[in-house]
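Participant: What follows is a structure written as structure tokens; I'll ask about it next.
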Amino acid sequence: MDGLLPELEVIRKDFPILERELAGGKPLVYLDSANTSQKPQVVIDTMVDHLERHNANVARAMHQLGAESSEAFESARDKIAAFVNAPSRDEIIFTKNASEALNLVANTLAWARGPLEIGEGDEVVITEMEHHSNIVPWQLLTERKGATLRWFGLHDDGTLDLSDIDSLINEKTKVVSLTWVSNMLGTINPVAEIARKAKAVGAIVVVDASQAVPQMPVDLVELAEAGVDLLAFTGHKVVGPTGIGVLWGRTEILDQLPPFLGGGEMIETVAMERSTYAGIPHKFEAGTPPIVEAVGLGAAVDYLGHVGMAAIRDHEHAITAYALEAMATVSGLTVLGPLDASLRGGAISFELDGVHPHDVAQVLDSRGVAVRAGHHCAKPAHKRFGVQASTRASSYLYTTPGEIDALVEALEYTRSYFKLS
Amino acid sequence: MTAQDLDALYQEIILDHYKNPLNKGLRDPFEAEVHHVNPTCGDEVTLRVHLTDGKVSDVSYDAMGCSISQASTSVMTDLVIGKSVEEAMSIQASFQELMQGRGNVEPDEEVLEDGIAFAGVAKFPARVKCALLSWMAWKDATAQALADAGTDEETTNG
Ligand SMILES: Cc1ncc(COP(=O)(O)O)c(C=O)c1O
């Protein structure tokens, strides 16, 4: 099969969990990477080493361990900046996850005065395929400010309907926030094209890259040129640990936004009457940060960079094309989202006629195949397609064609278990 | 999970109720209607209760969800319709206790009848909410109907 990672077996050996046996001695077929990815040994070892040998608080400890810990934490920031080709390493802000990064943006925009201020009659534009994390913060913002939330609809094939882009993005538009790759439909959106339109009316452009950064090369210099101002992703989907996310923002924008949380580390000086704030990135990192998580994320992006994001994208593409073809042979199965693998990422949501997604996932689990069932935090997108829930299989750099065969075999078994054939 | 676990979960009775649900549909008259959802997976039920003289005369519903939640709704209506509210509430309590018992509660077939088929569900924490959805909705609707009846009486008396 063309496009697969040449050293797939070696890569699989890097992920200890893939060797696990499940109840009844079945091998694990992990097809839930869009939910969270598995972790390579090097990430686990780096975190253990940090805790065993270098643990101390960052920035405020005047001893050798403090210096080592600060060095490890800040060099993780350098690694992440290099991984996404950020124009400046200080533009990389550590958050708890993508949700917190998006909430940071929506909240500080709600507090902003001056050019970024949002008021009555202003508009915020999102899309119907957003994760709840990129819907709810904007609902809260627009409700609080008397602004209006608008959104791009979707075509039946799961792509964005851009036919009304000229009326949706207009002089009242203050923010355009959209996902780069959909976690439900898999659709890859034309973010640069939309960003250019948004820039033409002076809107801020926010990109939820939670599913994009794991799957394809990201060049923030290029995206910034197209007009993207802020971009969020989450560590646990890029083979890193949970508890760490990233917000990248253009310096001019981050400088104009007010602080998010107040506390230690984010200040320049504090008096009882008032305080002044540190510059970026620390202005947005109040309190002791997730140190070992950041260090783990640094190791994770190093690992992915070493394998090569272009190679990972090709692998995902090959596996997704193979999966779409194989799943088409299962009768009663309908894929939601684009059927052309080149238009999508590696998350494939589907319906199986006559069996509820919960029941599909349960029967697949009895065969060792781990998938997600439910609304995948994208209720509006499910509603758009007239379904209440779906089953989602999602691959990553360690997924093999054999695992897709196991999925299809388990789906056939599900049909027979529920007496559909 | 093994194939035996799967069979313990999907008892024949559950699959039968799933394929041929009892008392399905929304009907008049009713004193209370509630809408409950399971936020983690999106299962939904709209449920109405009709009480007459302290008796559950009808429970009608429109529900979307997995086999466990659909079958449990069907079994619930079958068990409570025709019972006194008090008796139905105690059946509800036994079912809830069984579901929340992590597999350590011995079900009473006298009380729960077909409901004992759900004993296996208690061992799957992710599915307990599916099984309980309509039972909690029924309890809520019945409490509302009783509270409304209480206020009506007060108004007439006052
Ligand atoms: C597209 C998208 N946005 C946002 C998120 C939220 O990520 P987290 O839960 O790590 O904040 C996810 C992951 O679930 C996602 O897939």
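The values are calculated or read from the model by the stated rules, or taken from the named source; none is laboratory data. Being a predicted model, the structure only gives us computed values, none of them experimental. Counting neighbours? That spans all protein chains shown, and the Cβs are built from the backbone with ideal geometry, glycine included. Surface accessibility is based on the protein's heavy atoms, side chains included, excluding ligands, DNA and RNA. Shrake-Rupley method; radii C 1.70, N 1.55, O 1.52, S 1.80 Å.
Participant: Which fully enclosed strands (runs of 3 or more DSSP E) of segment A:220-282 have 2 or more residues being more than 14 Å from the ligand (Cβ to nearest atom)? Before you say what the answer is, go through the steps one by one.
Facilitator: Numbers: elements: A:230-234, A:245-249, A:267-270, A:275-277.
It comes to A:245-249, A:267-270, A:275-277.
Participant: Inspect segment B:126-146 for any residue being more than 27 Å from B:Ala32 (Cα to Cα), surrounded by 16 or more Cβ atoms within 10 Å (Cβ to Cβ) and under 14 Å from the mean Cα position of the chain (by Cα) and give the result as yes or no.
Facilitator: No; the residues of segment B:126-146 include none that is more than 27 Å from B:Ala32 (Cα to Cα), surrounded by 16 or more Cβ atoms within 10 Å (Cβ to Cβ) and under 14 Å from the mean Cα position of the chain (by Cα).
Participant: Would you mind finding the one in B:Thr46, B:Thr40 that is among the hydroxyl-bearing types (Ser, Thr, Tyr), within 8 Å of chain A (Cβ to nearest Cβ) and within 26 Å of A:Asp353 (Cβ to Cβ)? Full working, then the answer.
Facilitator: Working: B:Thr46 fails: within 8 Å of chain A (Cβ to nearest Cβ).
Answer to the check: B:Thr40.
Participant: Follow-up. Quick check on segment A:182-191. Is at least one of its residues away from the ligand (no atom under 16 Å from the Cβ) and either buried (at least 22 other Cβ atoms within 10 Å of the Cβ) or of a type in the set (Lys, Arg) (or both)?
Facilitator: No, segment A:182-191 contains no residue that is away from the ligand (no atom under 16 Å from the Cβ) and either buried (at least 22 other Cβ atoms within 10 Å of the Cβ) or of a type in the set (Lys, Arg) (or both).
Participant: Name the residues in segment A:13-26 that are surrounded by fewer than 17 Cβ atoms within 10 Å (Cβ to Cβ) and either touching a Pro at 6+ places or on another chain (Cβ under 9 Å) or away from chain B (no Cβ under 14 Å) (or both), would you?
Facilitator: Looking only at segment A:13-26, we keep the residues that are surrounded by fewer than 17 Cβ atoms within 10 Å (Cβ to Cβ), and these are A:13, A:16-17, A:19-21, A:23-25.
Matches in segment A:13-26: A:Lys13, A:Pro16, A:Ile17, A:Glu19, A:Arg20, A:Glu21.
Participant: Name, by its number, the condition in (1) away from the ligand (no atom under 16 Å from the Cβ); (2) under 27 Å from A:Trp180 (Cβ atoms); (3) out of contact with any helix residue (DSSP H, G or I) (no Cβ under 6 Å at 6 or more places or on another chain) that does not hold for A:Lys79.
Facilitator: A:Lys79 satisfies every listed condition except (3).
Participant: Also: Of all residues in segment A:113-134, which are within 25 Å of A:Glu252 (Cα to Cα) and buried (at least 16 other Cβ atoms within 10 Å of the Cβ)?
Facilitator: A:Leu116, A:Ile118, A:Asp122, A:Glu123, A:Val124, A:Val125, A:Ile126, A:Ser133, A:Asn134
Participant: Continuing with this model, one more query. Scan segment A:379-391 and report the pairs whose first residue is within 11 Å of chain B (Cβ to nearest Cβ) and over 15 Å from A:Ile135 (Cα atoms) and whose second residue is open to solvent by 40 Å² or more (accessible area, probe 1.4 Å) and among the hydrophobic types (A, V, I, L, M, F, W, C), with Cβ atoms within less than 9 Å and a gap of 6+ or a chain change.
Facilitator: A:Gln388/B:Met64; A:Ala389/B:Met64
Participant: Something else about it: Go through (1) touching a Lys or Arg at 6+ places or on another chain (Cβ under 8 Å); (2) within 16 Å of the ligand (Cβ to nearest atom); (3) over 28 Å from A:Gly374 (Cβ atoms) and name the single condition A:Asn35 misses.
Facilitator: Against the list (1) touching a Lys or Arg at 6+ places or on another chain (Cβ under 8 Å); (2) within 16 Å of the ligand (Cβ to nearest atom); (3) over 28 Å from A:Gly374 (Cβ atoms), A:Asn35 comes up short only on (3).
Participant: Being more than 26 Å from B:Gln144 (Cβ to Cβ) and among the β-branched types (Val, Ile, Thr) is the filter; apply it to segment B:1-37 and report the residue that is nearest to the other protein chains (Cβ to nearest Cβ).
Facilitator: Only one residue fits best here, namely B:Thr2.
Participant: Failed condition for A:Ala341, given (1) open to solvent by less than 30 Å² (accessible area, probe 1.4 Å); (2) within 14 Å of chain B (Cβ to nearest Cβ); (3) of a type in the set (A, V, I, L, M, F, W, C), with all others met?
Facilitator: Every condition holds for A:Ala341 apart from (2).
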